[in-house]
Amino acid sequence: MANPTAAMLVIGDEILSGRTRDANMHFLAGELTKHGIDLNEARFVRDDAAAIEAAVKALSQAYDHVFTSGGIGPTHDDITADAIAHAFGVGIGVRDDARALLEAHYEKTGHDLNAARLRMARIPDVATLIENPVSAAPGFTLGNVHVMAGVPAIFQAMVASVLPTLTGGAPLLSQTLRVERGEGDIAETLSLLAEAFDDLSIGCYPFQVNGVFGANVVVRGADGARVDAAITRLAKELEL
């Protein structure tokens, strides 16, 4: 049986302008791989309600899970929650359960729960809260969409909260073979290998280090014996 599928939606003008480097997709991909969920697509959109809504609708229909990052903070440009509520046709407002979490957090830290911070308690009506052990402001799950903060430490904590609730498949295993030859020199060998092991993913990633051209060939699959066999055959054929 095929693994569940997933997509990621990264939201924020700061990402697309180059001001902030996204780290969340790399982290999520690794965690999903270990959990047996295949990350098949990633999209980046700016802080625009229509763009967020359109992307969420398309991705949630195409994949088993959608993970979003960004746009659920206290400022005026944090519009993700509203856009996703609109995409699913549900209401949104300050929820008592989310407000209680924020009240407890800010009372403990000695800060006021002002109007801006209260925006982070605006949650779609039927959504399930995602725990945030870092700063208390929750994410949420609505349908098959998991909505999380963009701050990497908080995003990672929320992923850790969500993944145990999801049914995964077979974790992907991988092995890498370093080949100090150009891609053109090994392309035919790799094509034949891919045909013989069509149940595996075989990727070729070129590099240049200190004037040496080469490629890292990465073989991925759920069956460790098959991965071993493919790497062994490749090494033999390339006389490594």
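With both residues required to sit in the chain, DSSP beta bridges show an antiparallel share near 60%.
The HN-Hα couplings worked out from phi for segment 14-22 by the Karplus form 6.51 cos²θ - 1.76 cosθ + 1.60 (θ = phi - 60°) are 5, 6, 6, 7, x, 5, 10, 8, 6 Hz, whole numbers, x standing for Gly and Pro.
Average accessible surface for segment 134-240: 51 Å² per residue, computed with a 1.4 Å probe over protein heavy atoms with every protein chain in place.
Evaluated with a Cβ-only charge set (Lys, Arg +1; Asp, Glu -1), segment 3-88 carries a dipole of roughly 220 debye about its Cα centre, given to the nearest 20. The magnitude of the dipole of segment 4-148, with charges of +1 and -1 set on the Cβ of Lys/Arg and Asp/Glu and taken from the Cα centre, is near 100 debye.
Between Arg220, Arg46, Arg19, the residue with the greatest mean-square fluctuation in the GNM of the chain (Cα pairs under 10 Å linked by springs) is Arg19.
Database remark: amide H of Gly73 closer than 5 angstrom to no amide H (H placed geometrically; neighbours at sequence offset of 5 or more, or on other chains; Pro and chain starts carry no H). For segment 160-202, taking Cα atoms only, Rg and Dmax work out to 16.3, 46 Å respectively.
Ordering Val90, Val66 by accessible surface, largest first, gives Val90, Val66; the 1.4 Å probe counts only protein heavy atoms, with every chain in place. The residue list Gly36, Ala62, Thr5 was ranked by how far each Cα lies along the charge dipole of segment 1-63 toward its positive end, using unit charges on Cβ atoms, and Gly36 comes out on top. Using the Cβ-Cβ distance between Ala235 and Ser201 with R0 = 25 Å, the FRET efficiency computed as 1/(1 + (r/R0)^6) comes to roughly 0.90. When the Cα centres of segment 164-234 and segment 69-130 are compared, how far apart do they sit, in Å? Cα centroid to Cα centroid, the span is 44 Å.
Based on Cα contacts under 8 Å between residues 6+ apart, the chain shows a relative contact order of 17 percent. Between the amide H of Asp47 and those of Gly12, Asp13, distances stay under 5 Å, these residues lying 5 or more places away or on another chain, with hydrogens modeled in the peptide plane. Counting Lys and Arg as +1 and Asp and Glu as -1 over every other residue whose Cβ lies under 14 Å from the Cβ of Arg220, the net charge comes to -3. Taking amide H atoms as placed 1.01 Å from N in the peptide plane, the amide H of His65 lies under 5 Å from those of Thr5, Ala6, Ala7, each 5 or more residues away in sequence or on another chain. Within the accessible area of segment 172-240, the carbon and sulfur atoms contribute 48%, probe 1.4 Å, all protein chains present.
The values are calculated or read from the model by the stated rules, or taken from the named source; none is laboratory data. These numbers come from a predicted model, not from an experiment. Here Cβ is always computed from backbone atoms with ideal geometry, including for glycine, and neighbour counts include all displayed protein chains. Accessible surface areas use protein heavy atoms only, side chains included; no ligands, DNA or RNA. Shrake-Rupley method; radii C 1.70, N 1.55, O 1.52, S 1.80 Å.
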